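K.L.:
Sharing a structure below in structure tokens format, with a few things to ask.
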Amino acid sequence: MSAFAYVLAVFILATAVTTALFRDVLSAIIVFGAYSLGMAILYTFLLAPDVAMTEAAIGAGVTTILLLLTIARTSRPTTDRLVEQIDVPAVAVVGAFVIVLATLVLPEMYAVGDPTAPVWSNEAVTQHYIEEAYEQTGVHNAVTAVLAAYRGFDTFGEAVVVFAAGVSTLLVLKREVFA
């Protein structure tokens, strides 16, 4: 993995922990939005633009807006402390688990675009999609053919989730009265 991916992973972990530790709801929502945006950037870096767009639209966009509207309609409790008190034994156990996973899993991951990665090493499958995509689907672009035809139910499910979130947001915003 590149240095950018490691920095992005640290950013994502830091925002996740910060979201869990903030007592102030508004601060937690804002940091959660940054977490979702970091995840969308990570998915883009890992060459999964469909997942990245869904994460950006739902996680960083719609969820953040709905949470902000929710706290706008409710009372915001005042707190003396900005962050939760940390349970040191729990942090030690979770930290050890994350370190073990990071040392075992991250070195085994293939670099983005690595020609020895399993998806590239099986040339018969790759060539099948490249050569047969138009004939089997009628779509000129192989990526679009894979997303629309071969993974059609998955893509349709993602589209339904994005559509439902958009409709829900519009319904909430229509009922919202701004002074």
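The values are calculated or read from the model by the stated rules, or taken from the named source; none is laboratory data. Model, not experiment: these values are computed from the prediction. Cβ: placed from backbone, ideal geometry, glycine included. Neighbour counts: every protein chain shown. Each accessible area value is taken on the protein alone, full model and side chains, heavy atoms only, with ligands, DNA and RNA left out. Shrake-Rupley method; radii C 1.70, N 1.55, O 1.52, S 1.80 Å.
K.L.:
Enumerate the calculated ³J(HN,Hα) couplings along region 143-159 in order (Karplus 6.51 cos²θ - 1.76 cosθ + 1.60, θ = phi - 60°), each rounded to whole Hz, writing x wherever the residue is Gly or Pro.
P.N.:
The phi angles translate into 5, 5, 4, 5, 5, 8, 9, 5, 10, x, 5, 5, 5, 4, x, 5, 5 Hz.
K.L.:
A further question on this structure: If you roll a 1.4 angstrom probe over the protein chains with everything in place, what fraction of the accessible area of region 1-76 belongs to carbon and sulfur, to the nearest %?
P.N.:
Taking all protein chains in place, region 1-76 shows 77 percent carbon and sulfur surface.
K.L.:
Amide H neighbours of F22 under 5 Å, counting only residues 5+ apart in sequence or on other chains, H built in-plane at 1.01 Å?
P.N.:
Distant-sequence amide H within range of F22: E84.
K.L.:
On a 0 to 90° scale, report how tilted helix 88-105 is relative to the longest principal axis of the chain, with both axes built from alpha carbons and the result rounded to the nearest 10.
P.N.:
10 degrees
K.L.:
Calculate, for A124 and V94, the FRET efficiency according to 1/(1 + (r/R0)^6) with r their C-beta to C-beta distance and R0 30 Å; round to the nearest 0.05.
P.N.:
Approximately 0.10, to the nearest 0.05.
K.L.:
Okay, next question. Across region 165-170, in residue order, what do the Karplus-derived ³J(HN,Hα) couplings come to in whole Hz, using 6.51 cos²θ - 1.76 cosθ + 1.60 with θ = phi - 60° and x for Gly and Pro?
P.N.:
The phi angles translate into 5, x, 5, 4, 5, 5 Hz.
K.L.:
What angle, in degrees between 0 and 90 and rounded to the nearest 10, separates the Cα long axis of helix 123-137 from the longest principal axis of the Cα atoms of the chain?
P.N.:
90 degrees
K.L.:
Follow-up question, since we're still on this one. Below 8 Å, C-alpha to C-alpha, sequence gap of six or more: please give me the relative contact order for region 1-150 in percent.
P.N.:
It comes to 21 percent, rounded to a whole number.
K.L.:
If you take the C-alpha gyration tensor of the chain, multiply each eigenvalue by 5 and take the square root, what semi-axes do you get, largest first, in whole Å?
P.N.:
After scaling each eigenvalue by five and taking roots: 37, 27, 10 Å.
K.L.:
Give the longest segment of the chain that steers clear of trypsin sites (Lys or Arg not before Pro) in DSSP loops with at most 16 neighbouring Cβ atoms within 10 Å, not counting the sites themselves.
P.N.:
My reading of the result: 82-150 is the longest stretch.
K.L.:
Under the classification rounded if a/c is under 1.5, otherwise prolate if a/b is larger than b/c and oblate if not, where does region 17-57 fall, given a ≥ b ≥ c as square roots of the Cα gyration tensor eigenvalues?
P.N.:
Prolate is the answer for region 17-57, as a/c is 1.5 or above and a/b outweighs b/c.
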